[in-house]
Amino acid sequence: MSSTLRTRLTLFYVGAFSVVLISFSTGVYFFVERVLRERMDSNLRVALQTASSSLSRRKMTVLSSEKWDVQNAQFPLAEALEDPRFVGQVTALVDANGSVLVTRPTNLPLPLRLPSTPVRASSSPQFYELPESGRDADDSCRGIFALAPLTLNGSTPTLFVLTSTESLSDQLDALQNVLGIAILIALFMTGGGGWLLAGRSLAPVAVMAAATERITADSLDEHLPIASNDELGRLASRFNELLSRISSSFSRQRQFMADASHELRTPLSITRTAAQVALHKPHRAEFEYREALGVIEQQVGRLSHIVDDMFALARADMNQIVLEVGDLYLDEVVADAARAANVLAQQKGVYLRSQFCADAPYQGDERLLRQMVSNLLDNAVKFTPEGGNVDVRLSRNAMAYEIEVADTGCGVPEELRPRLFERFFRANNRRGADGVDGAGLGLAIARSVAELHRGQVTLQHSGPIGSTFRISLPFPRPRVTAVARLSWEK
């Protein structure tokens, strides 16, 4: 994969550079061609003007009856062609019938070639250009013509100045060859440099790919090497953070499975033992069977309680809970939960006291809110010794409702408080009032319900004289997206 990406990066780099280089070379070529042609046209124009000026200074009129003597006449055009600026140019005087009257120099550097179409000369200069007459002929030329400032036999002849374009073509061909070779060399060097640069840039990717091949579910603690602080280094850092989160999730999952197995194994073992004892003898008294069935019923109920809690937490993790949001009074919900908890408190000899603010309208899921408060009250009663107190208070501030549950139990050791809301975690291993261990899921469920209502559950303080938990529920109506309805009933 890295080699393919390396090839693509190199090709992209070479392609982009070639487009820029070819565009630049094309621009240079046409610019040089334009400059050379403008210089050629400028020389032709100057030569034409010089010849015309020379003719104007020595202007003569020839009668139509007189014969023009080309050999003996002291024609002023010959002097004009002595200017060294016009080396390589041919100047000719052509009459109205197309006959060449005079050409200079006498030893022509190139054949005298005139336009094949009828020439309509004027006082303004006009250009023309003729290609090579044959495959092996080097007679391409460019010329300029205008009416001469004299009269011969009653008509005005045309003055032609032309020069060879072979030199211009040779220069442009040489420039084209140089640019082509330069482009090939530059692209070759660019391709090699791009290949090396891409390989060097992608080397950390190859190292990270090799490292990821070694990472499995059993080695999530292994991290990718961070070779630099560039984008690839930041990518490796983010990937390492992702690995850490995945490793933490795997650890929690393994711990969850281990704790769940442990919690389920105890009631299953008790149930199996009770059944085996009841079936050990072929005949038993009715009260013995009833006692065995009572134990089995109690343990099955405990199993159902744990399974329901586990199912609820699993659905909460997958955001598959729909809140049945409705208008309610939070003081009534807390009062109902307090009345239900008071039954357990009376059996244990614990005094449950409540204090509510009047008229606490709220929008939320009444059933889940009651379950949240009941979980906190059940924990408080369960771990409060006989003769102790449990207080539940509902108050309101500017931003949220606050529900506090305080007890006079033994408290939570400081080193265990960070794990208090973990699943299956119990800060106190002693049994509750009914002689049945708790599964350690009540606080986790309470926190999930509070978060669904955009609130939170926190341990305000804990010590030898008891603990206080606080539920904070903000006033705005919660917005929860879910795909299935979850029953929290136990």
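The values are calculated or read from the model by the stated rules, or taken from the named source; none is laboratory data. Fair warning: this is a prediction, and the values are worked out from it, not measured in the lab. Positions of Cβ are generated from backbone atoms using ideal geometry, with glycine treated the same way; all protein chains shown enter the neighbour counts.
Filtering the stretch 181-215 down to residues that are touching a residue at least 24 places away in the same chain (Cβ under 8 Å) and over 32 Å from the mean Cα position of the chain (by Cα), which residue is nearest to Ala236 (Cα to Cα)? For the stretch 181-215, the residue satisfying everything is Ala186. No other residue among Ala340, Ala380 is among the small types (Gly, Ala, Ser), surrounded by fewer than 18 Cβ atoms within 10 Å (Cβ to Cβ) and assigned to a helix (DSSP H, G or I) apart from Ala340. If the condition is being among the hydrophobic types (A, V, I, L, M, F, W, C) and either out of contact with any Phe, Trp or Tyr (no Cβ under 9 Å at 6 or more places or on another chain) or modelled with pLDDT under 90 (or both), then the stretch 365-402 contributes Leu368, Leu369, Met372, Val373, Leu376, Leu377, Ala380, Val381, Phe383, Ala398, Met399, Ala400. Among the residues making up the stretch 448-490, those that are among the charged types (D, E, K, R) and either modelled with pLDDT of 85 or more or within 21 Å of Asp327 (Cα to Cα) (or both) are Glu451, Arg454, Arg470, Arg477, Arg479, Arg485, Glu489.
Residues satisfying the criterion are present in the stretch 197-204 (criterion: among the charged types (D, E, K, R) and not assigned by TED's automatic domain parsing to the domain that holds Glu38).
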